[in-house]
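Report on the structure given below.
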Amino acid sequence: MKKILSLLFGASLFASGCDKGITTATDVRKGVILHNKCCNIVVANIGNPSVGQATWIDSNTATRKTQYDVFKVANPCQYGSRKEGDTIYYRVIASQIETCSCCGISLYTPSVAKYISVVR
């Protein structure tokens with residue numbers, strides 16, 4: 001009887017999707033943090049396939065540099081101490097509930113926003 005219950009429990013865990021942490025190489029993308037100020041996080045995607053806004057003029061800098069394949073992070077509360085210029089590896093996710101508060105500073109950001117989960 002214990003074996004049957006163990007098998008049923010194991011099958012229910014498998015069916016419930018407990019393997020959400022497992023990713024494939026195609027799920028994981030690479031990006032660079034362009035801005036991380038007061039919950040305004042802008043990431044430039046590196047590589048294919050494209051996930052962000054095709055081009056964006058960064059008005060937050062004096063040089064107004066054109067950036068390519070960029071997006072605003074829709075769920076910024078998970079990032080903590082990651083700095084501008086840091087490289088991250090991430091997956092695009094459906095959504096995430098935010099549980100932090102942000103200050104009132106706003107930056108000019110891309111019109112495309114993505115929910116992401118940082119892998120490393």
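Go through (1) more than 20 Å from VAL28 (Cα to Cα); (2) free of Cβ contacts under 8 Å to residues at least 40 places away in the same chain; (3) open to solvent by less than 80 Å² (accessible area, probe 1.4 Å) for SER117 and report which single condition fails. Result: SER117 fails condition (1) only.
With the condition kept exactly as written, say whether any residue in region 95-107 is surrounded by 14 or more Cβ atoms within 10 Å (Cβ to Cβ), touching an Asp or Glu at 6+ places or on another chain (Cβ under 8 Å) and either over 17 Å from CYS38 (Cα atoms) or of a type outside the set (Asp, Glu) (or both). Looking through region 95-107, none of the residues is surrounded by 14 or more Cβ atoms within 10 Å (Cβ to Cβ), touching an Asp or Glu at 6+ places or on another chain (Cβ under 8 Å) and either over 17 Å from CYS38 (Cα atoms) or of a type outside the set (Asp, Glu) (or both).
Here are some residues: ILE41, ILE88. Which one is in contact with a helix residue (DSSP H, G or I) (Cβ under 9 Å, 6 or more places away or on another chain), surrounded by 16 or more Cβ atoms within 10 Å (Cβ to Cβ) and β-branched (Val, Ile, Thr)?
On the way: ILE88 fails: in contact with a helix residue (DSSP H, G or I) (Cβ under 9 Å, 6 or more places away or on another chain).
None of the others qualify; the one that does is ILE41.
If you check VAL73, VAL51, VAL32 for being open to solvent by less than 70 Å² (accessible area, probe 1.4 Å), out of contact with any Gly (no Cβ under 9 Å at 6 or more places or on another chain) and modelled with pLDDT of 70 or more, only one passes: VAL73.
The values are calculated or read from the model by the stated rules, or taken from the named source; none is laboratory data. Small disclaimer: the values here were computed from a predicted structure and weren't measured. Backbone-built Cβ (ideal geometry, glycine too); neighbour counts: all protein chains shown. Accessible surface areas use protein heavy atoms only, side chains included; no ligands, DNA or RNA. Shrake-Rupley method; radii C 1.70, N 1.55, O 1.52, S 1.80 Å.
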